[in-house]
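A short write-up of the structure that comes next.
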Amino acid sequence: MTSLWVVALLVLTFVAPAPAFVSIGGGASTHVSITGTALLQKVSETCRAVVEAAGHEFKPTGTSPEELVQACLGPTATGEVSGAKFHAALQEIYMQNGLVDRDFTNSAPHHFNSEAFLTGRGLLMEGLASIKANIRSENYRAARESLGTILHVLQDFYSHSNWVELGNTEPYEALLRQDLPIDNVADVNTATCKDCANGACANPLLPQILKEKKLTSGYMGIFSADKPSGKCSHGGAGDLTSNVAPRGGLSKDERRADNQAFHDTAVKLATAASLELLEDVRRAAGNNKFLRMMGIARVSVVCFVIDTTGSMKDDIDEARSVVYEIIDSKRGTQDEPSEYILVPFNDPAFGPLIRTADPDVMKAEISKLTAAGGGDGPEMCLSGLQMALTGAPASSHIYVFTDAPAKDIGLKDTIVALIRKTKSTVSFFMTTKPGRRRRAVYAASLNDYKDLALASGGQAIEVSKRELPQATDIILDTSTSALVTVLQRARNPGKAETFSFMLDGSLSKVTIYITGTAISFTLTNPSGVSQTSTEATGKLGTIKSTGNLMRINLNPDKASGKWKLQINSNQPYTVKVTGQSTITFIYDFVEKFDGPHPGYAVISGRPLAGQPASIMLNVMGKKGPSSLEIGKVGVVAMSASESITYGETTDMGNGAVLVTLKAIPSGEFVIVHQGTDKVSSSEYERQSTTQMSVSKVNIEAAVTGTMEPGKTFTIPFSVITQGLSGEFIINAQNDKDYPMTKPNRLTLTSGKYTNSSLTITPGINTVPGTDVTVTIDAKSVVGADSNYAVLRFTVINKITDFFPPECDVFDINAEDCPKDLAQCEPFRWGLSANVSDGNGTGVEQMYLATGNGTITHSSLNRPFIQAGYNASCCSPIFELVTVDKIGNVGKCYHSILSGGPPMLSLPLPLWLCLLVSLFIVRA
C-alpha cells in the first residue's frame with residue numbers, strides 16, 4: 001500500500017490554484033498536477049518494490065522528492081544524495097507535456113478534438129512504442145520527452161470527449177489497446193449537441209447521444225469557425241466554432257459552477273489513465289530502467305572521451321587508472337557512478353559509444369583500449385565529443401583526453417549548442433610530449449578546447465604526460481552525486497581582482513580551481529585569516545599545482561560566510577569554486593506562448609536580445625524546497641567586473657520561481673541564486689556552470705513525429721532576425737551521420753520569419769529505439785550573431801504487432817497448502833503455464849511481478865514457451881509479466897487464495913483523499 005507520506009508530498013507539490021487541463025504557467029496547472037501525481041505515485045510504488053526486494057524497508061524520512069530519492073537508493077549507500085536529476089526528469093516531462101499546446105494547437109488528434117479518436121490513439125501507440133524502444137536502448141531523455149507528449153494527449157481525451165458525460169467511471173481501455181475497437185463513434189452526419197444560448201450548459205449533449213452512448217468530442221476552430229452541422233464545439237474564448245450553433249462546448253478544461261462534477265470526474269479519470277499508461281511502461285521496462293528514466297539513480301555519471309592514436313599510450317594508461325580508482329573507491333557509496341560511458345576517437349574513426357551501469361564491464365572495456373594509428377596530427381576529437389554529449393544524460397561531467405588538435409573543428413558551433421542544451425560540463429586534459437614544439441595549429445586548437453571548456457564550466461588543463469596523474473584528481477573531485485558551483489569567472493586579458501563568494505553550512509569538500517600561468521593569489525576567510533599561493537599547506541587549505549592548474553582543497557572546518565580570493569595576474573585565467581551540497585537549482589530559459597491554453601515553453605537556443613528574458617528555476621534542498629528561503633536570482637557576466645543583474649521573481653509554488661530579467665548583460669553570463677538554508681541557518685549562493693548569451697536571431701522547429709529506418713524524414717523550421725537583414729549561413733548536423741539535405745543560406749528580412757526545411761534519412765538497418773539529435777544553427781554572413789535549435793528524434797519501425805503475449809495457467813498443484821496460511825511454512829505449491837506471442841514479434845522477456853518463488857521456462861525463441869513456477873505456500877500469489885520485442889505487455893495471474901485477478905489495481909482510498917485535498921485547496 002502506498003504510504004500516507006506520498007499523499008502529503010503530492011498535495012504539497014501540486015496544489016497551486018489554476019484552471020484544469022491548461023499547460024505550464026501561472027502556477028502548477030492541472031496538466032502538470034495530473035502528470036506529477038501519477039508520476040510520483042508510480043515512482044513511489046516502484047521504489048518500494050525495489051527496496052523491499054533487496055530486503056530493506058522503504059521508509060523515507062520526509063515528504064520531499066529529495067528524501068524519496070534517498071530512500072529509493074536504499075540504506076546501504078552512504079553519503080549525501082541530490083534530487084536534482086529527479087527534479088530535472090520531472091521538469092522535462094512537464095515541459096514536453098505543455099509543448100503540445102504550443103506546437104500542436106490546431107492538431108485534432110493531439111487533443112482528441114473533432115472526433116479524431118482513431119488518429120489520436122495512433123499517436124498514443126506510436127508514442128508508447130517509441131518510449132519502450134528508447135528505454136531498451138537506454139535513451140532515457142528521448143523516452144521522457146515522448147512520455148510528456150502522450151500523457152497530454154491521453155489526458156485531453158477525458159476533458160475533450162463526452163466519455164464522462166456518458167456515465168463512465170473507469171478509463172477507456174481501448175485507448176491504450178490497438179487490438180480493441182473504438183466503437184460507437186458518432187459519424188460526421190450525426191448531430192451531437194444542443195444549442196446553449198449563454199455559451200455554457202451543464203450537459204449540452206443531445207438526449208439521443210446519451211441514450212445510445214455515442215462517443216463524440218468537440219470541434220475546435222483556431223483559425224476558422226467551420227464545423228459539421230449539429231456538432232459540439234470544444235468551447236472557450238479561443239474556439240471560433242463555439243459561437244456557431246450549436247453554441248457552447250464540451251470542454252471540461254476549466255472547473256466552472258455548471259460543470260464541477262464532470263470536471264472532477266475528468267481529472268480523476270485522466271489521473272487513473274495516466275497511471276495505467278505508466279504501469280504499462282514500467283512493466284515493459286522493468287523497475288530499474290523505469291527508475292533510471294525518472295532520474296532516480298546515484299547522480300554521478302562518468303564519461304570519458306579518449307584519443308587512441310599512437311602517441312596516447314601514457315594518457316590511456318592514466319585514464320584507465322582513474323576509472324579503476326573511481327570504481328574501487330566509490331563502490332557502495334552515493335558517489336558510486338550510476339553509469340559509465342566511454343567514447344574512443346582516432347582518425348578517421350570515432351566511437352562507438354560504450355555505455356554500462358556495471359563497473360566491472362567498464363573496467364573491461366577501458367582495458368581493451370590501445371594506442372595506434374594517427375600520424376598526421378589532428379584527430380576527430382569533436383566528433384567523439386559530439387557522440388558523448390548526445391549519448392550521455394544531461395548535466396553529465398565529460399572528460400576528454402587528447403594530445404592533438406581537432407581535425408573536425410567545423411563542429412565547434414554544434415558542440416557549443418549541445419553543451420548549452422544538455423548543460424553538461426566538459427573538461428579537457430591536453431598533454432604534450434617532452435621537447436615537442438607547439439605548432440601554431442596546435443596552439444589554436446588548444447584555444448578552441450579552452451573555449452569549449454569555459455562554455456561548459458569545465459577546465460582546460462595543459463600538462464606534460466609525466467604530470468597527467470596529478471591533474472586527474474579533478475575527476476575524483478567532480479564524480480560526486482551532489483556537486484554544486486559557488487563561483488565561476490574568467491578574465492581575458494588577466495588583471496588583478498578580488499572575487500567574493502559565500503560558503504554555507506551545508507557545503508563540504510570545498511575546492512577552488514584556478515587555471516592560467518604566472519598567477520599569485522591570497523585567500524581570506526570571513527574571520528580575516530589568510531593564506532597565499534606560496535603556502536602549500538596553510539591555515540585554510542592545501543594547494544597543489546600541476547601544469548596550468550592550481551587546486552586548493554579547503555580544510556573540513558572551513559568557516560561559513562563571505563570569503564575573498566584576491567588574484568594578481570596579467571595573463572588569462574579562470575576561477576571556479578565547487579563543493580558538495582544538496583542545496584542546488586535547475587533552470588531553463590522559457591518563453592510564454594498564447595492560444596487557447598497558454599503556458600511556458602523551454603527555449604531551445606539562446607534567449608533573444610533586446611527584450612526581457614524569463615527563467616523557470618526550481619530550487620531544492622536536503623528536505624525539499626520548504627527547507628529553503630528563496631532570495632534573489634540574477635545573471636552575472638563571466639568576463640566583466642563583479643556586477644549582478646537581478647530579476648523580478650514570481651513564486652510558482654513548491655520551490656519553482658519564474659524570474660523576469662528586464663535586461664541581460666552582453667557577452668557570456670551565468671545564473672546566480674542566493675537564499676537562506678533553514679537547516680544550517682546560513683545564507684547560501686549557487687551558480688550555474690553553463691555559459692549563455694543572447695542573440696537577435698531565432699530558430700523555431702519542433703519534433704513532429706518519429707523517424708522510420710530507411711525513410712526520408714522532413715523537418716520544417718523557421719528563422720527570424722531582429723537585427724540587420726541579410727544572408728545567413730545555415731548549418732545542420734546529426735550525431736548519427738545520417739544523410740541530410742538543407743539550404744546552405746537563407747536571406748532574412750528583419751522582423752519576418754523565413755520558412756525552410758531539411759531532410760534526414762536514417763539507415764535502413766537502424767536499431768529501433770535509436771535517438772537522433774539534430775542541431776540546426778544560423779549564422780550571419782556579415783556578423784558574429786547566431787543561434788541554434790537542438791531536436792531529438794526517435795527511429796522506430798512501423799508498428800504492426802499490437803497484441804500482447806498470451807499466457808494460460810494450467811496444472812495448478814496447491815493441495816498441500818493449508819487453509820490457515822499461518823501454518824504455511826513447510827508447504828509448497830506450483831503451477832505450469834503456456835506462453836505464446838502468436839504471430840507477433842516474439843517474447844523478449846519474462847519476469848515475476850508478484851511472488852517469491854522460482855520460475856523456469858523453455859527457450860524464449862520458441863513459438864510456444866512452457867513455464868513452471870514453484871513457491872512456498874506463504875507466497876500465495878503468482879503474477880508473471882511477459883513482454884514481446886515491441887514492448888507489448890501481457891501477464892499470467894493466479895492466487896491460491898481466490899484463483900482470480902486482483903479486484904483493484906489502484907489504491908482508491910488514497911486517490912479519494914488526494915483529490916479531496918486538491919479541490920479543497922483550489923476552492
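The values are calculated or read from the model by the stated rules, or taken from the named source; none is laboratory data. In this text the structure is predicted, and so the values were computed from the model without any measurement. Heads up, the Cβs are rebuilt from the backbone with ideal geometry, glycines too, and the neighbour counts pull from every protein chain shown. Side chains included, ligands, DNA and RNA excluded: accessible areas come from the protein's heavy atoms. Shrake-Rupley method; radii C 1.70, N 1.55, O 1.52, S 1.80 Å.
Considering segment 247-287, the residues that are touching a strand residue (DSSP E or B) at 6+ places or on another chain (Cβ under 8 Å) and closer than 24 Å to residue 221 by Cα include one that is surrounded by the most Cβ atoms within 10 Å (Cβ to Cβ), namely 250. Would you check which residues across segment 50-65 are open to solvent by 50 Å² or more (accessible area, probe 1.4 Å), in a loop (DSSP other than H, G, I, E, B) and hydrophobic (A, V, I, L, M, F, W, C) and list them? Correct list: 54 only. Within segment 244-255, the presence of a residue that is free of Cβ contacts under 8 Å to residues at least 40 places away in the same chain and polar (S, T, N, Q) is excluded. Can you tell me how many residues within segment 141-181 are among the β-branched types (Val, Ile, Thr) and part of a helix (DSSP H, G or I)? Adding up the residues that qualify gives 3.
With respect to (1) in contact (Cβ under 8 Å) with a residue 60 or more places away in the chain; (2) surrounded by 18 or more Cβ atoms within 10 Å (Cβ to Cβ); (3) within 30 Å of residue 731 (Cβ to Cβ), the lone exception for residue 766 is condition (1).
Here residue 652 meets each of (1) at pLDDT below 90; (2) surrounded by 16 or more Cβ atoms within 10 Å (Cβ to Cβ); (3) closer than 30 Å to residue 771 by Cα with one exception, condition (3).
Please determine, by comparing only the residues of segment 202-246 that are within 12 Å of residue 114 (Cα to Cα) and β-branched (Val, Ile, Thr), which one is surrounded by the fewest Cβ atoms within 10 Å (Cβ to Cβ). Residue satisfying both the conditions and the ranking: 241.
Summed over segment 647-674, the residues that are under 20 Å from residue 690 (Cβ atoms), among the polar types (S, T, N, Q) and assigned to a strand (DSSP E or B) give a count of 1. For residues in segment 515-535 being hydrophobic (A, V, I, L, M, F, W, C) and at pLDDT 95 or above, which is most open to solvent (accessible area, probe 1.4 Å)? So, considering only residues that are hydrophobic (A, V, I, L, M, F, W, C) and at pLDDT 95 or above, the one most open to solvent (accessible area, probe 1.4 Å) is 529.
A quick yes/no check of all residues on (1) of a type in the set (D, E, K, R); (2) closer than 30 Å to residue 735 by Cα; (3) open to solvent by 30 Å² or more (accessible area, probe 1.4 Å); (4) out of contact with any Gly (no Cβ under 7 Å at 6 or more places or on another chain):
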site	(1), (2), (3), (4)
770	no, yes, no, yes
782	no, yes, yes, no
788	no, yes, no, no
813	no, no, yes, no
841	no, yes, yes, yes
848	no, no, yes, yes
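Here residue 584 fits the description: closer than 17 Å to residue 477 by Cβ and in contact with a Leu (Cβ under 9 Å, 6 or more places away or on another chain).
Is it the case that segment 734-743 has a residue that's among the β-branched types (Val, Ile, Thr), open to solvent by 20 Å² or more (accessible area, probe 1.4 Å) and touching a helix residue (DSSP H, G or I) at 6+ places or on another chain (Cβ under 9 Å)? The answer is no; no qualifying residue exists.
Each residue in segment 596-641 was checked for being of a type outside the set (Lys, Arg), part of a strand (DSSP E or B), open to solvent by 20 Å² or more (accessible area, probe 1.4 Å) and in contact (Cβ under 8 Å) with a residue 60 or more places away in the chain, and 3 of them qualify. Residue pairs whose Cβ atoms lie under 7 Å apart, sitting 6 or more positions apart in sequence or on different chains, and linking a residue in segment 350-364 that is over 23 Å from residue 735 (Cα atoms) to a partner that is aromatic (Phe, Trp, Tyr) and open to solvent by 50 Å² or more (accessible area, probe 1.4 Å), are 363/324. Applying the condition of being modelled with pLDDT of 85 or more and part of a loop (DSSP other than H, G, I, E, B) to segment 467-481 and asking which residue is most open to solvent (accessible area, probe 1.4 Å) yields 467.
Residues in segment 48-69 that are under 19 Å from the mean Cα position of the chain (by Cα) and within 15 Å of residue 338 (Cβ to Cβ): how many? Residues in segment 48-69 being under 19 Å from the mean Cα position of the chain (by Cα) and within 15 Å of residue 338 (Cβ to Cβ): 1 in total.
Of 777, 801, 820, all but one fail to be open to solvent by less than 40 Å² (accessible area, probe 1.4 Å), among the charged types (D, E, K, R) and more than 30 Å from residue 422 (Cβ to Cβ); the exception is 801. Filter segment 491-509 for residues that are surrounded by 22 or more Cβ atoms within 10 Å (Cβ to Cβ) and outside any loop (DSSP other than H, G, I, E, B); which is modelled with the lowest pLDDT? Among residues in segment 491-509 that are surrounded by 22 or more Cβ atoms within 10 Å (Cβ to Cβ) and outside any loop (DSSP other than H, G, I, E, B), the one modelled with the lowest pLDDT is 491.
When the residues of segment 362-379 are filtered to those that are of a type outside the set (D, E, K, R), modelled with pLDDT of 90 or more and surrounded by 14 or more Cβ atoms within 10 Å (Cβ to Cβ), which remaining residue is farthest from residue 325 (Cα to Cα)? The selected residue is 369.
Pairs are defined by a Cβ separation below 7 Å, a sequence spacing of at least 6 or placement on different chains, a first member in segment 367-389 that is under 23 Å from residue 414 (Cβ atoms) and charged (D, E, K, R), and a second member that is at pLDDT 85 or above and open to solvent by less than 10 Å² (accessible area, probe 1.4 Å); the pairs so defined are 379/307; 379/309; 379/345; 379/402; 379/404. None of 95, 125 is hydrophobic (A, V, I, L, M, F, W, C) and closer than 29 Å to residue 884 by Cβ except 125. Filtered by the rule that a residue be part of a strand (DSSP E or B) and more than 16 Å from residue 740 (Cβ to Cβ), segment 692-724 gives 692, 695, 697, 698, 700, 718, 719, 720, 721.
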